[in-house]
Amino acid sequence: MGVRYRTNIFSTLIVLFSVFLGCEGPEGPMGPMGPDGRTGETGPAGEVKTKMVTIYDKMYTQANSSWALVFFDDSDCDENTAVVWIGVDKGSDIYQNLSSLSSNVYLDGVVYIYPNSDSNFTYDNKSGYALLIYDYNKLLVGKRIKIQYIP
């Protein structure tokens with residue numbers, strides 16, 4: 001009986017010792033360092049940014065009359081820009097997901113409009129990266145939207 005008691009204590013001590021060796025303390029391991037991006041008023045690269053836009057009829061271009069074209073107007077945007085969320089203002093700064101308007105309203109993608117493009121593909125001679133939002137019935141005209149994206 002004495003040997004069995006010592007074996008149980010010895011086994012328990014081995015388990016506890018191995019658990020303590022595996023712990024790194026209350027703070028946990030340090031994560032990887034991020035890229036040293038540009039910093040400024042809008043924050044470092046990789047930060048979620050927000051753009052507020054009112055959709056006007058002119059944003060439905062002649063070439064893409066079923067899509068609203070919304071420019072980011074952000075020099076940090078490129079072909080890797082990721083749209084996190086698009087919401088429609090329901091009043092009192094309450095935003096609801098874009099698809100709440102209709103199943104026929106959705107983000108189609110991010111496109112690049114070249115400088116000096118044909119006026120059928122842009123408005124106000126704008127160029128750069130922009131969103132294409134499919135909206136066949138133009139339900140977004142006159143509505144304010146909030147776009148959250150990572151450049």
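The values are calculated or read from the model by the stated rules, or taken from the named source; none is laboratory data. If you're wondering where the values come from, they're calculated on a predicted model, not measured in any experiment. With ideal geometry, Cβ positions are generated from the backbone for all residues, glycine too; neighbour counts draw on all protein chains shown. The accessibility values were calculated without ligands, DNA or RNA, using every heavy atom of the protein model including side chains. Shrake-Rupley method; radii C 1.70, N 1.55, O 1.52, S 1.80 Å.
The rows are residues; the columns are (1) modelled with pLDDT under 65; (2) open to solvent by less than 80 Å² (accessible area, probe 1.4 Å).
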{"position": "Gly25", "(1), (2)": "yes, yes"}
{"position": "Glu41", "(1), (2)": "yes, no"}
{"position": "Ala45", "(1), (2)": "yes, yes"}
{"position": "Val53", "(1), (2)": "no, yes"}
{"position": "Ser65", "(1), (2)": "no, yes"}
How about the range 83-95: which of its residues are outside any loop (DSSP other than H, G, I, E, B) and surrounded by fewer than 12 Cβ atoms within 10 Å (Cβ to Cβ)? Val84
Can you tell me how many residues in the range 112-140 are of a type outside the set (Phe, Trp, Tyr), closer than 21 Å to Val88 by Cα and either exposed (fewer than 15 other Cβ atoms within 10 Å of the Cβ) or free of Cβ contacts under 8 Å to residues at least 12 places away in the same chain (or both)? 1
Does the range 68-81 include one or more residues that are among the charged types (D, E, K, R), surrounded by 14 or more Cβ atoms within 10 Å (Cβ to Cβ), within 20 Å of Tyr56 (Cβ to Cβ) and in contact with a Lys or Arg (Cβ under 9 Å, 6 or more places away or on another chain)? yes
Just to verify a result, which residue in the range 96-121, among those that are among the polar types (S, T, N, Q) and in a strand (DSSP E or B), is farthest from Ala68 (Cα to Cα)? Gln96
Hey, Thr7 hits all of (1) modelled with pLDDT of 70 or more; (2) open to solvent by 50 Å² or more (accessible area, probe 1.4 Å); (3) over 24 Å from the mean Cα position of the chain (by Cα) but one; which does it fall short on? (1)
